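Please read the structure below before turning to the comments.
The values are calculated or read from the model by the stated rules, or taken from the named source; none is laboratory data. Note that this is a predicted model, so its numbers are computed, not measured. Cβ sites come from the backbone with ideal geometry, for glycine too, and all protein chains shown count toward neighbours. Note: accessible area is taken over every heavy atom of the protein model, side chains too, but ligands, DNA and RNA are not part of it. Shrake-Rupley method; radii C 1.70, N 1.55, O 1.52, S 1.80 Å.
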Amino acid sequence: MTLVFALLAGITLGAALAAVTLRNLVHAALCLAVTLSGLGLVYVSLGAEFVGLVQVLVYVGAVAILIVFAVLLVRGTEPPEQGTSHTPWLGAAITVLLAGVLVWAVMRSPSLRRDPAPAPTVTVRALGERLVRDQVVTLQTLGLLLTAATLGAALIALPRRGTESDSQPPATP
């Protein structure tokens, strides 16, 4: 294990732990974005550049930012008055038990006992060339669909003209 991988794994695990333990939702959502970024960097350090790039673009660039905006727009700034759970040790025990079962299942897997097949040599460049050469219609349709979804979301978010809140004069004290 290299020093870079160990450092990235430590930062990712620390941010993940912070994301599930922090009470402030904005801080937890930002820690989730750090966790997903760290996971993408771990993929890159292991030689899976395409998976790492997709991880950063999709999960950090879209999902985590969407969660942050949703938390900022929907939730109030006041913390909840009472905690959500009075038994955090029960959750920790279930987590440790589940992790033990998963480790046991992976260790007994027959794929660990045989020599792995050589990895195919697929590069990001080859994937891009295939998308542009063979899947042009699919790629253009996807771009059109994403543009329409963005415009629809913007139209839904715009305030409506002529609603009651716009037509009433301001109240004077």
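Taking all protein chains together and rolling a 1.4 Å probe, Phe69 ends up with roughly 120 Å² accessible.
A probe of 1.4 angstrom, applied to the heavy atoms of all protein chains, finds Ile11 with accessible area near 90 square angstrom.
First measure r as the distance between the Cβ atoms of Leu139 and Ala93, then evaluate 1/(1 + (r/R0)^6) with R0 = 45 Å and state the FRET efficiency to the nearest 0.05. List each step's numbers first, then the result.
On the way: r = 48 Å, r/R0 = 1.07.
It comes out at approximately 0.40.
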